[in-house]
Amino acid sequence: MKGISKTAHAGFSPLIPAVLVPPEVFTQAPLGFIPPPLNPSGARLETKELAPGVYGLLSSKPPVDNSGFVVGEHGVLVIDAHINGAMAGLIQTAVRQVTNKPILYVVNTNYHGDHTFGNYAFPPETLIVAQQKTAESMRDFEREKRFLLPTVDNDPTVFGDVRLRLPDVVLDEYLELDLGGRVVELYHFGHGNTPGDTVVFVPEARVAWTGNLIAGEGFIPFLIEGGAGAYLETMAKFTHTLEVATIVTGHGLLTSGTILGRYLPYLSELIESVRKAIRAGQNLEEAIAATPLGQQYTKDIAGSDSPLVAQFVAFRVGIHRWNVWRTYQGMKGDPTYRGPEAAYAATHEKNAMFVLG
Ligand SMILES: [Zn+2]
């Protein structure tokens, strides 16, 4: 891909600083915010063949995480490790129903525990792959457990078995992994839901896994760490780079590339509305009131029979309030504010040598 360097870096440099962008805890959220229910208890992962050798693993209990895997001549690549050893075991059982080839790679699409806590339950020879910022953020294991607790009914036993397993291979913007007769592409288009969101793409099948970047039908972009302008740029880059047919979202039903057409206007309208509110001297509550969630973003193309429709109404309104809050907070006093990634990039410039080009 033009303008994107193909880089990989095995292992960690001791010079990589600790996490610089602490996520907000859900308890700081504005009124009406509901943490996503991610307790996997009772969830199954249904294997769906999307193309020869390309499989989605769809959770029977959305928004509990989806996963997936791709099979090549030499072995298998798994997308996201799930939240604990039991769920990582379900992923491996699903792989074993299709092939006996080794699991060569597990890619973490972001640092959150529901995507990474299962890493430890994969064989030691499996390489864990993640974007550099994702790998760095994963180091604060205890904080992530605290962060996830409200999403699993405040039951710490959900991830009581988990041991931290960090990535072995780190990418910057792009990495190709050859499974033998099949190449899987990893893209980091910029800050989105987290600073290190990664899209996994199988070009010949035009299937993408998007993690939290596109969490699912019924979701809107979730600015968990702010940075509406950067998220918008990231989505624009995604749209211009990949022609996606099928998307295995991080937390919802299977969808198509058309969902991108709703993410872009949502973000630009959010930015415009909050900017207008700040210019008009409105406080946060007034800005929230002046930025209602547009009806076009509450229509679920999954259909009215989708189990997600009723479940997501309150959840989505809460996410929207969160988004307005974070955008307002980010812009207040500085309408050119782009999000935490700007400061992050500045701090990291001097450490650019970690990425071997
Ligand atoms: Zn997630």
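Select from region 248-292 the residues that are of a type in the set (S, T, N, Q) and within 30 Å of ARG206 (Cα to Cα) and write down the one among them that is surrounded by the fewest Cβ atoms within 10 Å (Cβ to Cβ).
Per the criteria, the residue is THR258.
Of the residues ALA208, ALA215, which is open to solvent by less than 30 Å² (accessible area, probe 1.4 Å), within 16 Å of the ligand (Cβ to nearest atom) and modelled with pLDDT under 95?
ALA215 is the lone residue from the list that is open to solvent by less than 30 Å² (accessible area, probe 1.4 Å), within 16 Å of the ligand (Cβ to nearest atom) and modelled with pLDDT under 95.
Can you find, within region 39-70, the residue that is farthest from LEU149 (Cα to Cα) among those that are of a type outside the set (Lys, Arg) and touching a Ser or Thr at 6+ places or on another chain (Cβ under 7 Å)?
If we take residues in region 39-70 being of a type outside the set (Lys, Arg) and touching a Ser or Thr at 6+ places or on another chain (Cβ under 7 Å), then LEU50 is farthest from LEU149 (Cα to Cα).
Looking only at residues in region 63-76 that are closer than 21 Å to ASP114 by Cβ and touching a Leu at 6+ places or on another chain (Cβ under 6 Å), which one is modelled with the lowest pLDDT?
VAL64
So, VAL54, is that one in contact (Cβ under 8 Å) with a residue 24 or more places away in the chain, open to solvent by less than 10 Å² (accessible area, probe 1.4 Å) and within 14 Å of the ligand (Cβ to nearest atom) or not?
Judged against the criteria, VAL54 is not a match.
Would a scan of region 83-99 turn up a residue that is without any contact (Cβ under 8 Å) to a residue 12 or more places away in the chain, farther than 19 Å from LEU166 by Cα and away from the ligand (no atom under 16 Å from the Cβ)?
Yes; the residues of region 83-99 include at least one that is without any contact (Cβ under 8 Å) to a residue 12 or more places away in the chain, farther than 19 Å from LEU166 by Cα and away from the ligand (no atom under 16 Å from the Cβ).
When you look at GLY181, is it in contact with an Asp or Glu (Cβ under 6 Å, 6 or more places away or on another chain) and open to solvent by 10 Å² or more (accessible area, probe 1.4 Å), yes or no?
Taking the combined requirement at face value, the residue satisfies it.
Restricting attention to region 138-150, which residues are open to solvent by less than 10 Å² (accessible area, probe 1.4 Å) and more than 16 Å from the ligand (Cβ to nearest atom)?
Residues satisfying the conditions do not exist here.
Among the residues of region 218-237, is any in a loop (DSSP other than H, G, I, E, B) and farther than 15 Å from HIS320 by Cα?
no
Which one of the conditions (1) under 21 Å from LEU186 (Cα atoms); (2) in contact (Cβ under 8 Å) with a residue 60 or more places away in the chain; (3) outside any loop (DSSP other than H, G, I, E, B) does ARG275 fail to meet, given that it meets all the rest?
(1)
Mind checking which residues of region 117-132 are part of a helix (DSSP H, G or I) and closer than 23 Å to LEU38 by Cα?
Of everything in region 117-132, those that are part of a helix (DSSP H, G or I) and closer than 23 Å to LEU38 by Cα turn out to be PHE117, GLY118, ASN119, TYR120, ALA121.
Looking at region 100-137 only, could you name the residues that are among the acidic types (Asp, Glu) and more than 16 Å from the ligand (Cβ to nearest atom)?
GLU125, GLU136
The values are calculated or read from the model by the stated rules, or taken from the named source; none is laboratory data. Owing to the predicted nature of the structure, the values given are computational and were not obtained by experimental measurement. Cβ: placed from backbone, ideal geometry, glycine included. Neighbour counts: every protein chain shown. Ligands, DNA and RNA are stripped out before the accessible areas are found, and what is left, the full protein with its side chains, is counted by its heavy atoms. Shrake-Rupley method; radii C 1.70, N 1.55, O 1.52, S 1.80 Å.
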